[in-house]
Amino acid sequence: MSILAQNADTAASDTDAAHDDVADISTAEAHAGLMLTALGLDVSDPGLIATPGRMVRALREMTTPPQFTPTDFEVTAEPGQLVLVRDIRFVSVCEHHVLPFVGVAHVGYVPRYRILGLSKVARVVHHYARRLQVQERLTRQVADWMSGQLDAAGVGVLISAEHTCMTLRGVGAAGSSTKTSALRGLLLDDVAARAEFMSLATGPA
């Protein structure tokens, strides 16, 4: 196993272990039932008897970061070549309203020493999305992981998402989307490299 895989696997395991240690599913189900009752719902109704448990299991699933072991290889790309994985679909949960936000991430980097297996780029996105989150931090965390773990010459992350906390409630801004970006190294400092990333990430597939 590479040093990259060892470091990232340990970090992922530590995060998931901490999540498991504090989870108390039975207590969560009881409190979910109390919350629904306080909102005026009759949880003894046949259609609602199992609802508190379903709520807890769904939220647990959506806020448990999946473990993954990165697969990295020696650089085979040409110096300065951009590697871009786009249209990575994800679901996360807004930490303010505990409602989903759904979107796509475009992740690009310019390798220096190592390249990451393509499917693992998507796993990085899913790892940071599956928790109570805000889009700005999600974007930054993916960029920092790619930059730090790969020691890439440049990293760019662009995320576009629909937040149900503003489309299904409150202002009811149906169809609206939020875009965030995080740029590191060459893709921040070099105008041409930044333009190439943004063009490939936002242009026709």
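The values are calculated or read from the model by the stated rules, or taken from the named source; none is laboratory data. All values reported here derive from a predicted model rather than from experimental measurement. Quick reminder, even Gly has a Cβ in these numbers, built from the backbone with ideal geometry, and neighbours come from all protein chains shown.
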Worksheet item: Of Val98, Val43, Val85, Val56, which residue is touching a Gly at 6+ places or on another chain (Cβ under 9 Å) and over 29 Å from Leu183 (Cβ atoms)?
Response: Val43
Fill in: Residue match in the range 152-160 (condition: more than 14 Å from the chain's Cα centre (by Cα) and either not assigned by TED's automatic domain parsing to the domain that holds Glu78 or not in a strand (DSSP E or B) (or both))
yes
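Kindly check whether there is at least one residue in the range 164-177 that is in contact (Cβ under 8 Å) with a residue 24 or more places away in the chain and within 26 Å of Gly80 (Cα to Cα). Can you show your working first?
Of the range 164-177, the ones in contact (Cβ under 8 Å) with a residue 24 or more places away in the chain are 164-165, 168-169, 177.
The next check asks that each one be within 26 Å of Gly80 (Cα to Cα); those that pass are none.
Looking for residues that are in contact (Cβ under 8 Å) with a residue 24 or more places away in the chain and within 26 Å of Gly80 (Cα to Cα), one finds none in the range 164-177, hence no.
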Worksheet entry | Residue, nearest to Ala192 (Cα to Cα), within the range 128-155, restricted to residues that are basic (Lys, Arg) and buried (at least 17 other Cβ atoms within 10 Å of the Cβ) | Arg140
Discussion item. Can you find a residue that is more than 26 Å from His163 (Cβ to Cβ), modelled with pLDDT of 85 or more and hydroxyl-bearing (Ser, Thr, Tyr) anywhere in the range 36-59?
Written reply: yes
